[in-house]
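Down below is the structure, laid out as C-alpha cells.
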Amino acid sequence: MTDLVPTTCMRCAVGCGHVQQAVDQGYGIESVRGDAAHPVSNGLACQRGISESADPDGEWLTRPLVRRDGELVATTWETALERAAEGLDTALEGGRNRVAVLGSGQQTNEAAYALGKLARGGIGTRYYDANTTLCMASAVAAYYDAFGSDAPPPTYDDVPEAETHLVWGANPAAAHPVLFRWINQSADEDDSELLVVDPVESETAEVADHRVPLEPGGDLALARAVLARLVETDRVDEGFVADATTGFEELREELPAPARAAERAGVSMADVDRLAGALENRTLVYWGMGINQSVNGTDAAGALIDLCLATGNLRPGSGPFSLTGQANSMGTRVCSSKGTWPGQRSFDDPAAREDVAATWGVPESRLPADPGPGPVGIVDAVEDEVEAVYAVATNPVAGMPDATNVRERLEDAFLVVQDAFRSETVEFADVVLPAATWGESEGTATNMERTVSRVRAATETPSGVRTDLELIGALADRLAPGLFDESPEPEPVFEELAAMTEGTPADLSGISYERLEAELAVRWPAPEPDAAGGYRYYEDRTDADGDETETWSFPTPSGRARFSDARAEPLPEPTDDDYPFTLTTARRPDAYNTGVRTREDGPPTARVSPATAVAIADDLEQGTDRRYGRVVSRRASVTVRVEADESIPDGVVWLPIHHPDVNDLTLPAVDPRSREPNFKQCAVRLAPPRDRELEAVAEANA
C-alpha cells in the first residue's frame, strides 16, 4: 500500500489540510480525506475538494502539442519548448511589452513567484497579471486604501468570537463550505446571528436569520445608508474613530440622507436599521464577488470597511473579511510581482526596485515602471502592442468578460498555454505545455487568512507532463539565460521569495520548509522562526498597574486607518426597453471555476423568478424536460435552459460562472482603481431559441 501524503487542498482558499494516497500501481490518486492533524481545518474537508482532487472531470493534457496546418498535434518536449521560446522571442524583438503573461491563483507560491520573476525580470513586460485580478483586486485596493496593506485583519480564530456574521455579496455555503460550517456554528449560538445582503436568496441566505434583498449594484448605496443611519442615531464608536482613524469628519459631511440612499439601493429603512443595529455587536463583515466584481468594487469594499471602522469593529472577533475565491489568490498577491513586488512593496519604491533587480541579477532598467493595465487591458493591447501571450493555469477565453472579443484577439496572437486540462483557451494555442495538477506538485500555498502550508505530490507525473515550476524554468533558460541559477526547485525558490519579503508588511522570512514540516501551517507576518501573525493592526496590552490598553498601528503615513471618500457611480449598462433584464453571474456549489474540472452537458441553466418566467413564456420553446430560450446582451446571444426559481428576484437573470458560454454576454467595463471587471451586472433580454440551436441541444442530449 502506498504512503499517505499530507497536503493542502487547492479547491478554494479556505486552505484545508488533505491526506492523499496514490494508487498502488501506475499513476493517479486512490483516495483523499481531511487531515485531522492540519491546524487550519482539523480534519474537515468538503466533498468538492475531495472529489476534484481524486477524480476530476475534464480532459487531461498528457502530451505537448503544437499547431501545424491549423491543428494541434502531439510533439516532443524539446520541439514544444523551442517553438514556444522562438515565438515569444520573435515578439520580444519589437520590445519587451510585445509579450504578455497571464498567471493564476491555482499555482503554488513557488510557481507564482517564478512566473513573476520571468515576466517582470526576465522579459521585463508591464503586460503581466493573474486571474486573481478578476475576483480579488477590488478588495486588495480597498485594504490598501484603509490600512496601507493588503489582506484581512481577522483570521479564522475570530469566527467563533463574532456575535454578528454579516455576509454581503458572497455565498460561502457554495464557495467555501468548511468556512461556512464555522460561520453557521457560531451564528447558531444564542447571542449570535447570521445576516445576508444579496439580491438572490442564495444557499447561505436560506439559513440566515435575515436577508436584505437589495437591487443588483446597490451595495455602495446601501453601505452608505447604513453608515449615515449610524451617524444619525449616535451609534458611532467615537473613541475608536478619534484614536485610530483619519478622514471620518470629511466623510460624515458627505454622507447622503439614509432614506435617499436606501431608496437607491432598493431596500427599506427597516432593513437599514436592522443592519445598523447588528453592527453594534461584535461583527465580522464577509464579502466576495458580489462586491468586488463591479465598476464600484473598490469603493463598495471600502464602504464596508468604513462600517467596521465607524463602529469599532476592528478588534478580535470582528472586522472586514474578504472571502478569497481561488486556492492561492493570497499567495499570488504576495509572491508573484503582479501588483506589487514580493512582500507588498510598491512598484514606484526606488529601494524596492533596486533590491528586486539585485536579487534577480537583472538591470533595474528592465523592470517595468508600473504593474500594467490588468487582464482586460492586456487583452485590449493584443494586436495593438502585444504580439504574443503566455498563459499559465488560466482560461481567459471562458473566464474573462466579453469573451468573444477575447477569442478574436487571442486568435491573432502567438499563444502559449500551460495547463493541466484541455480548456477553451487551449483551442487557440500555438503551443500547449501540459502541466501537473493537484496531487502531482510540490510547494506551498497561502489561504485567505494568510496561512502558508505545504502542497505535496502523492503521485508521479506521466512522462508527457511537467510541473509549472519546471516549465517556467525551461522557458526562462531559453528567453532569459541565467535568470535562474539552475532548474528551479520548490524549496530554494521558496527560500528566495521568503527572503525578499523580509521587513515588509507581508513578511514570510521566518517560514521555511523545515518549519512547515514541524508546524504544518504558519500565518504571516512571520518575521522570525518562532513568530506567526494573528489579528492585524491591533494589540491588547496590560501595563504595570494591571490596566489593559488597546493600541492600533497601521502601515499608513499617519499610522492610522483611513476612511474612504467613495460615492456610487452609475452602473455602466442599465436596463432599458430593448434589454429589460439584469444579468448576474455566480457560483454553483458543485462546479469549478470555468468548468474545466466539472463539465456540464448542454447549455447553461438560466434561473429567473416565477413572475419573469410567466412574462417571457411566449418567447420560450418547450423541450422534453426543460424550456429553452436565448439570453441576449449587446455583445452576444447564448442558448439557455430556463428554470423558474423563487430565490431569484423579478427582472434578474442568473447564470453560472462555470459554463464557457456565459462570459460571451458579460461587460468588459472595469473598476477604474482595481481593474476588476463588472461581471455582476449587465442588461439582457430573453428571446426564443433559433431552430439550429434547438437541434444542437437535441443532439447533445441524445
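The values are calculated or read from the model by the stated rules, or taken from the named source; none is laboratory data. What you are looking at is a predicted structure, and each value in this text was computed from that prediction instead of being measured. As a convention, Cβ positions derive from the backbone with ideal geometry for all residues, glycine included, and neighbour counts pool all protein chains shown. Just so you know, the surface numbers come from the protein's heavy atoms only, side chains and all, with ligands and any DNA or RNA stripped out. Shrake-Rupley method; radii C 1.70, N 1.55, O 1.52, S 1.80 Å.
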Using the crude model of +1 on Lys and Arg Cβ and -1 on Asp and Glu Cβ, and no other charge, please compute the dipole size for segment 137-270 relative to its Cα centre, in debye to 20.
540
Heavy atoms of V596: accessible area, 1.4 Å probe, square angstrom to 10
20
Would you kindly compute the Cα radius of gyration of segment 451-491 and its largest Cα-Cα separation (Dmax), both in Å?
12.4, 35
Set the Förster distance to 51 Å, then compute FRET efficiency between A617 and Q47 from the Cβ-Cβ distance, nearest 0.05.
0.90
Extension length gain for E59 and M269 (0.36 nm per residue less Cα distance), in nm, is 70.5 nm
Spin-label point model (7 Å from Cα, Cβ direction): what's the E238 to S647 distance in nm?
4.4
Accessible area of L214, 1.4 Å probe, to the nearest 10 Å²?
10
Placing +1 on the Cβ of each Lys and Arg and -1 on the Cβ of each Asp and Glu in the chain, which of P580, A532, A146 has its Cα farthest towards the positive end of the resulting dipole?
P580
Could you work out the relative contact order of the chain? I mean the mean sequence separation of Cα pairs under 8 Å and 6+ apart, divided by the number of residues, in percent.
19
10 Å-binned pair-distance histogram of the chain (Cα, whole percent):
3, 15, 26, 27, 19, 8, 1, 0, 0
On the first, second and third principal axes, largest extent first, how far apart are the outermost C-alpha atoms of segment 58-123 in Å?
32, 32, 19
Testing the spin-label approximation: label points 7 Å from Cα along Cα→Cβ at H210 and E250. State their distance in nm.
3.3
Full-stretch length increase - D349, E383 - with 0.36 nm per residue and alpha-carbon distance subtracted
9.1 nm
Put +1 on the Cβ of every Lys and Arg and -1 on every Asp and Glu Cβ in the chain; which of S51, V334, Y27 then has its Cα farthest towards the positive end of the dipole?
Y27
Answer in debye to the nearest 20: the dipole magnitude of segment 216-327 about its Cα centre, from +1 Lys/Arg and -1 Asp/Glu charges placed on Cβ, is 400
Förster radius 25 Å - calculated FRET efficiency between E491 and Y27, Cβ distance, rounded to 0.05:
0.55
Simple spin-label model, 7 Å along Cα-to-Cβ: R567 to D547 in nm?
4.4
Carbon-plus-sulfur fraction of the accessible area of segment 460-588, 1.4 Å probe, in percent?
43
With the other protein chains left in place, how much accessible area per residue, in square angstrom, belongs to the chain at a 1.4 angstrom probe?
37
For the chain, with only Lys/Arg (+1) and Asp/Glu (-1) charged at the beta-carbon, what is the dipole magnitude about the Cα centre, in debye rounded to 20?
1080
Please give the net charge around D530, taking every other residue with its beta carbon less than 11 angstrom from that of D530, where Lys and Arg add +1 and Asp and Glu add -1.
-1
Per-residue SASA entry for R282, accessible area with 1.4 Å probe, Å² rounded to 10:
90
Projected onto the charge dipole of the chain (+1 at Lys/Arg Cβ, -1 at Asp/Glu Cβ, origin at the Cα centre), which of T425, M400, V212 gives the Cα projection farthest towards the positive end?
T425
In what sequence, largest accessible area first, do D661, D209 appear using a 1.4 Å probe?
D209, D661
Mean shadow area of segment 384-456 over all directions, Cα convex hull, nm²
6.3
